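Notes follow the structure.
The values are calculated or read from the model by the stated rules, or taken from the named source; none is laboratory data. As the structure is a prediction and not an experimental result, all values here were calculated from the model. Here Cβ is always computed from backbone atoms with ideal geometry, including for glycine, and neighbour counts include all displayed protein chains.
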Amino acid sequence: MKQIIVTASTLLELSLLLEAIGAVPTPDAGHLRAYRGSFGDVDLLIAVTGMGKVNAASATTLLLERFEPKLLVNTGCAGAFAGSGLGIGDLAIASSDSFGDEGVETPLGWQGLELIGIPVYEGKGARIFNTFPLSPEVAARAVDVAGRGGTRSLLGPFVTVSTCSGTACRGDEILRRFPGTICENMEGAAVAQVATAYGVDLLEVRGISNMVEDRDLSRWDLKGAVAAAQHFLLRFLRQ
């Protein structure tokens with residue numbers, strides 16, 4: 001039986017998945033809130049990491065030290081950038097994820113870590129400064145499953161930020177830093193860095209809960225977004 005690990009920052013982003021497979025709490029993941037269950041020929045370990053890059057990185061490290069999964073999945077919600085083609089309730093699938101804040105503020109504006117010349121990850125012939133590419137094969141499989149299930153989805157670059165973009169102006173700034181990015185989140189690049197270090201393929205898939213605009217919670221659909229991501233994952237795991 002092959003093992004897959006699924007992580008998210010909050011229990012809400014995993015609750016439907018846990019219920020669907022009848023997962024039960026397990027002490028196997030140390031201090032993390034973690035659950036185990038089976039789905040077809042897949043042994044699923046599902047863990048709540050907590051919000052933000054530090055929580056995500058430390059939790060992912062613990063999990064990959066203790067287990068040897070066939071695949072790591074990071075899921076949850078995200079904010080979509082204007083012009084991305086995504087709407088609230090749609091599914092975003094990552095082709096890469098970038099650290100959006102790590103860099104240098106210069107008189108000419110923000111510059112990435114290449115300016116310093118010190119990568120955040122170096123190994124296996126790679127020197128990575130801000131952007132971690134994800135497995136194109138796994139992402140393509142996810143796009144195919146989403147399409148066959150009738151889910152509106154988009155494959156593209158993600159960006160990970162420490163401060164959510166609560167204004168349209170901030171969103172425009174992030175897009176100038178990382179043109180073509182489709183959505184932002186708070187954990188993905190950190191998970192991608194650890195997965196890269198351990199040589200484990202990562203699928204990052206998120207439901208769109210809001211647009212990156214002047215913050216207006218009345219326009220958000222957090223529950224719908226995380227439900228869309230989890231229903232997709234059940235189809236993905238089944239197929």
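Residues in the stretch 209-219: is at least one closer than 18 Å to GLN3 by Cα and either acidic (Asp, Glu) or surrounded by fewer than 16 Cβ atoms within 10 Å (Cβ to Cβ) (or both)? Quick ask: steps written out before the conclusion?
In the first step, residues of the stretch 209-219 are kept if they are closer than 18 Å to GLN3 by Cα; the result is none.
Checking the stretch 209-219: not a single residue is closer than 18 Å to GLN3 by Cα and either acidic (Asp, Glu) or surrounded by fewer than 16 Cβ atoms within 10 Å (Cβ to Cβ) (or both).
Within the stretch 159-175, restricting attention to residues that are surrounded by 18 or more Cβ atoms within 10 Å (Cβ to Cβ) and over 14 Å from the mean Cα position of the chain (by Cα), the residue that is farthest from GLN239 (Cα to Cα) is ARG170.
Please find, among GLU204, GLU173, GLU184, the residue that is outside any strand (DSSP E or B) and among the charged types (D, E, K, R).
Working: GLU204 fails: outside any strand (DSSP E or B); GLU184 fails: outside any strand (DSSP E or B).
Exactly one residue qualifies, and that residue is GLU173.
The C-beta contact set for the stretch 1-20 (first residue over 11 Å from VAL226 (Cα atoms), second residue charged (D, E, K, R) and surrounded by fewer than 16 Cβ atoms within 10 Å (Cβ to Cβ), distance under 8 angstrom, 6+ apart or interchain) comprises MET1/ASP41; LYS2/ASP41; LYS2/LYS70; GLN3/GLU68; GLN3/LYS70; ILE4/LYS70.
Restricted to the stretch 32-49, and to residues there that are in contact (Cβ under 8 Å) with a residue 24 or more places away in the chain and either basic (Lys, Arg) or part of a loop (DSSP other than H, G, I, E, B) (or both), the residue that is surrounded by the fewest Cβ atoms within 10 Å (Cβ to Cβ) is ASP41.
Just one of the listed residues (GLY156, GLY125) is among the small types (Gly, Ala, Ser), under 17 Å from the mean Cα position of the chain (by Cα) and farther than 15 Å from ILE88 by Cβ, namely GLY156.
Taking the criterion of being modelled with pLDDT under 95 and within 28 Å of LEU237 (Cβ to Cβ), the residues of the stretch 125-158 that qualify are GLY147, ARG148, GLY149, GLY150, THR151, ARG152. Scan the stretch 14-45 for residues that are closer than 15 Å to GLN239 by Cα and among the aromatic types (Phe, Trp, Tyr) and jot them down. If the condition is that a residue be closer than 15 Å to GLN239 by Cα and among the aromatic types (Phe, Trp, Tyr), then PHE39 is the only one that fits.
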